[in-house]
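*Asks:* I'd like to ask you about the structure that follows.
Taken together, the values in this text are just the output of simple stated rules run on the coordinates, not laboratory data. Everything numeric here is computed off the predicted structure, so don't read it as measured data. Neighbour counts run over all protein chains shown; Cβ positions are idealised from the backbone, glycine included.
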Amino acid sequence: MKKAKSVNLQSKKPHRILSEIMRRRRSVRQFERGRKVTRDTLLSVAESARWAPTGANSQCWDLIVIDDPTVRDAVIEIFVEQSKRLFVKAKGFPAVSKAYLANTVAIFIVVGDPRWKVAFPQHNKDEEGPDEYAANNENIYFCSLGAVIQNIQLAVTAQGLTSAWLSGGGEPSTNQALSDLLGYPSYLSACGTIPVGYPKKDVGMRYRRPLEQLVHWNGYAATQFRPQGMLDYYLDRLRPFLMYRNTESVEDWEDAREKCGNWYDAFSSSEPNPSGQFEQ
Ligand SMILES: Cc1cc2nc3c(=O)[nH]c(=O)nc-3n(C[C@H](O)[C@H](O)[C@H](O)COP(=O)(O)O)c2cc1C
């Protein structure tokens, strides 16, 4: 198995260091056995989490850091059960078994506190018209949780560790099991669970859309719009490969033409919609 490369960041400029950490942040689902991590390292990751932005600076989350092997194994057991349910109840999703979590050195659980949504803009009851704020409060809340999870993953990467991002704790059954185990009220929600470990192999890359396909300068370019057929094809045929293959571009796959079919150009070029027509 290919070993993880260590990155020498010392000699680089800050923006290059940040960019390299961002590129190297990967969802890794296999960790090296028998490794340990210090509390100082975990606290330094938590400190990076603390500086994440939140709507209205509400800091609408807490962080449960698990480094006790007994508690870790109990959390892992909950996620192994969660993945078994996923295979049955969300059939078709290319999930991997959570058994890989066995070599996790620590787990960060971001526990969202939805009560803090009151801190975000609220519709004035005396005002006529629809409540535009309720739905946006949800966006602000979940974006705040996403921001902290991203900070954690980046800080973990900067420490030479790696992590995954498990969202299954947001499902009520899994959240209930976690709240029973860890002692938080079940109206809080474990929206993000980040198992941390030393990477067993180098997963340096993952498919990313070409930069020119997703950047729209000064307005939305209709030729860059992804047609519905492309999305349908992704769901039907491509999702497991785009999710798990260790390459940035589909062109680098030996079986790219076969896998991408008529949508090869759409997945590899800047213009997935050459006609420039939007579908209704
Ligand atoms: C909101 C969100 C939820 C995710 N949930 C899971 C999850 O439950 N299990 C998992 O293995 N990966 C999960 N991921 C990781 C994605 O599968 C992964 O980011 C994506 O495939 C790209 O791979 P990369 O992170 O290595 O670049 C999640 C990512 C995000 C942003």
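*Asks:* Rounded, prolate or oblate: which fits region 30-180 when a ≥ b ≥ c are the square roots of the eigenvalues of the alpha-carbon gyration tensor, with rounded for a/c under 1.5 and prolate only if a/b beats b/c?
*Replies:* Taking the square roots of the gyration eigenvalues as a ≥ b ≥ c, region 30-180 is oblate.
*Asks:* How big is the equivalent ellipsoid of region 211-268 along its three axes, where each semi-axis is √(5λ) from the Cα gyration tensor, reported in whole Å from largest to smallest?
*Replies:* 22, 13, 10
*Asks:* Could you pull out every whole DSSP H run in the chain that spans at least 24 Å of Cα extent along its own axis and averages -1.0 or higher on the Kyte-Doolittle scale?
*Replies:* 69-89, 133-158
*Asks:* Also, quick follow-up: Suppose a student asked you for the relative contact order of the chain, using Cα pairs under 8 Å spaced at least 6 residues apart; what percent would you report?
*Replies:* 24 percent.
*Asks:* Restricting attention to region 120-205, which trypsin sites (Lys or Arg not before Pro) occupy a DSSP loop and are surrounded by at most 10 other Cβ atoms within 10 Å?
*Replies:* 125
*Asks:* Please list, in chain and number order, the residues 5+ apart from residue 27 or on another chain whose amide H is under 5 Å from its amide H, with Hs placed from the backbone.
*Replies:* none
*Asks:* Relative to a virtual label point 7 Å from the Cα of residue 218 in the Cα→beta-carbon direction, which members of region 261-280 show backbone nitrogen distances below 18 Å?
*Replies:* none
*Asks:* To the nearest 500 deg cm²/dmol, what mean residue ellipticity at 222 nm is calculated for the chain from DSSP H runs of n ≥ 4 alone, each contributing -39,500 (n - 2.57), summed and divided by the residues?
*Replies:* -11500 deg cm²/dmol
*Asks:* Next question, about the same structure. Taking H placed 1.01 Å from N in the peptide plane, check which residues at least 5 places from residue 61 or on another chain put their amide H under 5 Å from its amide H.
*Replies:* 113
*Asks:* Which value, in debye to the nearest 20, describes the size of the charge dipole of the chain about its Cα centre when Lys and Arg Cβ atoms bear +1, Asp and Glu Cβ atoms bear -1, and nothing else is charged?
*Replies:* 1440 debye
*Asks:* Which pairs in the list 200/259; 98/200; 84/200; 36/89; 36/91 are over 26 Å apart, alpha-carbon to alpha-carbon?
*Replies:* 200/259; 36/89; 36/91
*Asks:* Considering all alpha-carbon pairs of the chain, what whole percent are spaced by more than 22 angstrom?
*Replies:* Within the chain, distances greater than 22 Å cover 66 percent of Cα pairs.
*Asks:* Positive end of the charge dipole of region 211-268 (Lys, Arg +1 and Asp, Glu -1 on Cβ, about the Cα centre): tell me which of 242, 261, 228 has its Cα farthest that way.
*Replies:* Farthest towards the positive end: 228.
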